[in-house]
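**Q** Input: one structure, supplied below.
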Amino acid sequence: MTPATLGIVAPHPPIMVPEVGGARSEVTADSTKALEYAASLLERFDPDAIVIMSPHAPVTRTAFIIDESERLAGDLGAFGAHRVRFSAAGDAALARAIIAEAAADDIPVLSRVESPLLEAGMLDHGVMVPLSFLDREGRYPLVVLSLSYLPLSVHHALGRAIARAATGLGRRVAFLASGDCSHRLTPDAPAGFSPHAAEFDQALVRLLEEGDFDGLECIDPALISEAGECGLRSFITLGGFVADTDACTRVLAYEGPWGVGYLTAVVASPSLLDPLATQGCDTEDAPPTSSAEPDTPADTAPESGPVALARRTIETYVRGGGIPETPSAEGLLAERQGAFVSLHRSGELRGCIGTIEATQPTLAQEIVHNAVQAATADPRFPPLTPEELDDLEISVDVLGPAESATMADLDPKTWGVIVTSGWRRGLLLPDLDGVDTPDEQVSIALRKAGIGPTERFELERFRVDRYH
């Protein structure tokens, strides 16, 4: 049997840690939820150690630096959160094995003893921010690596050496690639603005969605320079680590607030990785539940056709019967429309997956596909169990066609919105609690898309037919 594999791509802005960012950390809610899902995979994988490549570890141009300390620690005091502390054991044996395997391939890796740049055992925020979501308690031993300015191909080769070192010691190792995407997405971005920054992020996301780590090495160097990124080398090293394995790549979230792109992804063996979708909707997007008609008890109201189809699909699939054959569609169910399937239990969101536009030949097939995904593949929740079926509340939102709009055309109780700038696109469903004005609605959609407040964007509106 092929050994299980796990790699995680994680952003590292301190502001996304609630103790640092406060209410501002809510802007990166999608990334937070994705990291929470990655944490559940990490717990299931139960590694003997985590190897982390951080862009903020001490770096040299001609070598990698590795910390072989027996204990590593740090805090986020530099960002105003002194109480957020981290402490974990090191894995010195694994660190030494990595040095040896790298040397066999003529890859220079310096230990803390050999590099005056490294203060032994000190964790940087490129490590601590991801760990605050993945392993705040320090359950797993750590090996921390810097990147280098050696060719990208050498980073890939180092990833392979790390995998060999783990195999040689019989260690079950997870690899964490810490890094952010472009730092130049908007005019107010910390590294200035480049019109090519979004192009770089688009290429990065597409290649990772395809699991094409080799393609990362082929990105135009001029485009890399324009992006002002800090994650590409970590991601390429991860590609070397998972080479020659059965690992599959799933992009869980991409956001671009504050002019910086934040990407979260997992690379895992099928034995670990449940089927995932990339179009889960946020809690703020989840349509509220209500009975089919006013003053009609929900448990006695007849279910609509779309919901009955979603329920039958979910119950069959969750009980082990696979995806049922979609019946011949008539009327509404024979049309082609995008749809969201939302699941609740006791009034709490339990899953929500949707498609903005039709991806299937009929709405019936769209609902079947999204129902299975909502039940098993929302990255914020574990797969639905048979025991949860009896009190499962289901609603289906069928999206009408989008039409161009201005701010004056919007009513957040009636119309959903789509904002688009280049390849970036954000959607917000209508009639959400706490979203009372068009300005609030559009502002949330822009944040979700990673579109800056001063950037030009196209605005569309759409209606939703909600079925219970």
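The values are calculated or read from the model by the stated rules, or taken from the named source; none is laboratory data. Keep in mind that what you see is a predicted model, and the values were worked out from it rather than measured. In this analysis, Cβ positions are derived from the backbone assuming ideal geometry, glycine residues included, and neighbour counts consider all displayed protein chains.
**Q** Thr28 - would you say it is out of contact with any helix residue (DSSP H, G or I) (no Cβ under 7 Å at 6 or more places or on another chain), touching a residue at least 60 places away in the same chain (Cβ under 8 Å), in the same structural domain as Asp244 (by TED's automatic domain parsing) and of a type in the set (Val, Ile, Thr)?
**A** In short, no.
**Q** Given the condition in contact with a helix residue (DSSP H, G or I) (Cβ under 7 Å, 6 or more places away or on another chain) and either assigned to a helix (DSSP H, G or I) or buried (at least 18 other Cβ atoms within 10 Å of the Cβ) (or both), answer yes or no: does some residue in the range 112-123 qualify?
**A** no
**Q** Could you tell me which residue of the range 437-454 is nearest to Ala189 (Cα to Cα), considering only residues that are part of a helix (DSSP H, G or I) and among the small types (Gly, Ala, Ser)?
**A** Out of the qualifying residues, it is Ala449.
**Q** Select, from Val260, Val266, the only residue that is touching a His at 6+ places or on another chain (Cβ under 6 Å), in contact (Cβ under 8 Å) with a residue 40 or more places away in the chain and among the hydrophobic types (A, V, I, L, M, F, W, C).
**A** One residue alone meets the criteria, Val260.
**Q** In the range 126-139, what count of residues is obtained for those that are surrounded by 22 or more Cβ atoms within 10 Å (Cβ to Cβ) and not hydrophobic (A, V, I, L, M, F, W, C)?
**A** Final tally of qualifying residues: 3.
**Q** Further question on the same structure: Can you tell which of Gly192, Gly228 is buried (at least 19 other Cβ atoms within 10 Å of the Cβ), on the phi > 0 side of the Ramachandran plot and in contact with a Lys or Arg (Cβ under 8 Å, 6 or more places away or on another chain)?
**A** Selected residue: Gly228, the only one of Gly192, Gly228 that is buried (at least 19 other Cβ atoms within 10 Å of the Cβ), on the phi > 0 side of the Ramachandran plot and in contact with a Lys or Arg (Cβ under 8 Å, 6 or more places away or on another chain).
Conditions tested, residue by residue: (1) touching a residue at least 60 places away in the same chain (Cβ under 8 Å); (2) under 30 Å from Gly351 (Cβ atoms); (3) surrounded by 16 or more Cβ atoms within 10 Å (Cβ to Cβ).
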{"site": "Gly21", "(1), (2), (3)": "no, yes, yes"}
{"site": "Thr32", "(1), (2), (3)": "yes, yes, yes"}
{"site": "Ala49", "(1), (2), (3)": "yes, no, yes"}
{"site": "Pro55", "(1), (2), (3)": "yes, no, yes"}
{"site": "Arg61", "(1), (2), (3)": "yes, no, no"}
{"site": "Arg71", "(1), (2), (3)": "no, no, no"}
{"site": "Gly74", "(1), (2), (3)": "no, no, yes"}
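**Q** Please state which one of Ala268, Ala277 is under 19 Å from Asp212 (Cα atoms) and at pLDDT 85 or above.
**A** Ala268
**Q** Inspect the range 50-70 for any residue being touching a Gly at 6+ places or on another chain (Cβ under 6 Å) and of a type in the set (Asp, Glu) and give the result as yes or no.
**A** The answer is yes; a qualifying residue exists.
**Q** Out of Glu440, Glu458, report the one residue that is surrounded by fewer than 20 Cβ atoms within 10 Å (Cβ to Cβ), in contact with a strand residue (DSSP E or B) (Cβ under 6 Å, 6 or more places away or on another chain) and in contact (Cβ under 8 Å) with a residue 12 or more places away in the chain.
**A** It is Glu458.
**Q** Continuing with the same structure: If you go through the range 301-348 one residue at a time, how many are crowded, with 20+ Cβ neighbours inside 10 Å and aliphatic (A, V, I, L, M)?
**A** Residues that pass the stated criteria total 8.
**Q** Also, I was wondering about something else. Counting just the residues of the range 143-181 that are in contact with a Ser or Thr (Cβ under 7 Å, 6 or more places away or on another chain) and in a loop (DSSP other than H, G, I, E, B), which one comes out surrounded by the fewest Cβ atoms within 10 Å (Cβ to Cβ)?
**A** Selected residue: Leu150.
**Q** Please determine, by comparing only the residues of the range 209-249 that are modelled with pLDDT of 90 or more, among the charged types (D, E, K, R) and outside any helix (DSSP H, G or I), which one is nearest to Pro151 (Cα to Cα).
**A** Looking at residues that are modelled with pLDDT of 90 or more, among the charged types (D, E, K, R) and outside any helix (DSSP H, G or I), I get Glu217.
**Q** Out of the range 32-75, which residues are over 23 Å from the mean Cα position of the chain (by Cα) and not in a loop (DSSP other than H, G, I, E, B)?
**A** Of everything in the range 32-75, those that are over 23 Å from the mean Cα position of the chain (by Cα) and not in a loop (DSSP other than H, G, I, E, B) turn out to be Phe64, Ile65, Ile66, Asp67, Arg71, Leu72, Ala73, Gly74, Asp75.
**Q** Also, quick follow-up: Condition test on Cys218, is it within 19 Å of the chain's Cα centre (by Cα) and either surrounded by fewer than 23 Cβ atoms within 10 Å (Cβ to Cβ) or in contact (Cβ under 8 Å) with a residue 24 or more places away in the chain (or both)?
**A** Answer is no for this residue.
**Q** Does any residue in the range 90-110 that is more than 21 Å from Gly121 (Cα to Cα) come within less than 9 Å, Cβ to Cβ, of a residue that is among the aromatic types (Phe, Trp, Tyr) six or more places away or on a different chain, and which pairs are these?
**A** Ala102/Phe64; Ile107/Phe64
**Q** Give the residue that is farthest from Pro306 (Cα to Cα), with candidates limited to residues of the range 361-408 that are over 27 Å from the mean Cα position of the chain (by Cα) and hydroxyl-bearing (Ser, Thr, Tyr).
**A** Thr406
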